[in-house]
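K.L.:
Submitted below is the structure of interest, expressed as structure tokens.
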Amino acid sequence: MRSPEAIGTAPDQTDRPLLAGGLLVATGLADVLSAYGTLRSGPFVVLSEGGLYPVDVTGWAWLHLAVGTALALAGLAAVTGRRGATTVAIGCAVLALAVNLLMLPYAPIRVLLVAALDAAAIRLLLRHRRATGRAV
């Protein structure tokens, strides 16, 4: 619901996706912090019937660091309400969602929480794009 002062103003000025941008920044920072922690720690150890096997996830940590940084920047861009920022933010959020779901066996609780927030942000951005009538 718009305030009386906002009636008659341009949609770019009043309908900014603040919550979606905040969620994207928060999940991007969570990915960056998780990647930093993974880079600082040793490899994961997997227990199987054949014994213990070390699993090095350093490459995934660097991927999380890059995707988390891009997601946080896309969230900040989405808050500005610029024309292409919503599309970029949706693309970064979908990429972050896919990367997070691939890490599900290693950090299930964090991945489920971050994936839920990413999905909520994507839904908010899609609703914002539909409400403003902008395809790009």
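The values are calculated or read from the model by the stated rules, or taken from the named source; none is laboratory data. Since this is a predicted model, take the numbers as computed values, not measurements. Here the Cβ positions follow ideal geometry from the backbone for every residue, glycine too, while neighbour counts run over all protein chains shown. Ligands, DNA and RNA are stripped out before the accessible areas are found, and what is left, the full protein with its side chains, is counted by its heavy atoms. Shrake-Rupley method; radii C 1.70, N 1.55, O 1.52, S 1.80 Å.
K.L.:
For the range 42-63, how many residues are surrounded by 10 or more Cβ atoms within 10 Å (Cβ to Cβ) and of a type in the set (Ser, Thr, Tyr)?
P.N.:
Looking only at that region, the number is 2.
K.L.:
Output the residue which, of all residues in the range 107-123 that are among the β-branched types (Val, Ile, Thr) and free of Cβ contacts under 8 Å to residues at least 24 places away in the same chain, is surrounded by the most Cβ atoms within 10 Å (Cβ to Cβ). Outline the logic, then answer.
P.N.:
As a first pass, look at the range 107-123 and keep what is among the β-branched types (Val, Ile, Thr): 109, 111, 114, 122.
Next cut, free of Cβ contacts under 8 Å to residues at least 24 places away in the same chain only: 109, 111.
On the way: ILE109: 7, VAL111: 19.
Taking the candidates together, the pick is VAL111.
Rundown of residues vs (1) in contact with a strand residue (DSSP E or B) (Cβ under 7 Å, 6 or more places away or on another chain); (2) surrounded by fewer than 22 Cβ atoms within 10 Å (Cβ to Cβ); (3) in contact (Cβ under 8 Å) with a residue 24 or more places away in the chain; (4) within 20 Å of LEU39 (Cβ to Cβ), yes/no style:
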| site | (1), (2), (3), (4) |
| --- | --- |
| GLY81 | no, yes, yes, no |
| GLY84 | no, yes, yes, no |
| THR87 | no, yes, yes, no |
| ALA93 | no, no, yes, no |
| PRO105 | no, yes, no, yes |
| LEU125 | no, no, yes, no |
| THR132 | no, yes, yes, no |
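K.L.:
Take LEU101 and decide whether it is over 15 Å from LEU19 (Cα atoms) and open to solvent by less than 60 Å² (accessible area, probe 1.4 Å).
P.N.:
Working: over 15 Å from LEU19 (Cα atoms): yes; open to solvent by less than 60 Å² (accessible area, probe 1.4 Å): no.
The answer is no for LEU101.
K.L.:
Restricting attention to the range 64-78, which residues are buried (at least 19 other Cβ atoms within 10 Å of the Cβ) and of a type in the set (Val, Ile, Thr)?
P.N.:
VAL67
K.L.:
Go through (1) within 20 Å of VAL25 (Cα to Cα); (2) assigned to a helix (DSSP H, G or I) one by one and return the number of the condition LEU39 breaks.
P.N.:
So LEU39 meets the others, but not (1).
K.L.:
Check off (1) in a strand (DSSP E or B); (2) of a type outside the set (Lys, Arg); (3) touching a residue at least 60 places away in the same chain (Cβ under 8 Å) for SER34 and give me the number that stays unchecked.
P.N.:
Result: SER34 fails condition (1) only.
K.L.:
Condition first: open to solvent by 30 Å² or more (accessible area, probe 1.4 Å), within 16 Å of THR80 (Cβ to Cβ) and under 8 Å from the mean Cα position of the chain (by Cα). Now tell me which residues in the range 21-35 satisfy that.
P.N.:
LEU23, VAL25
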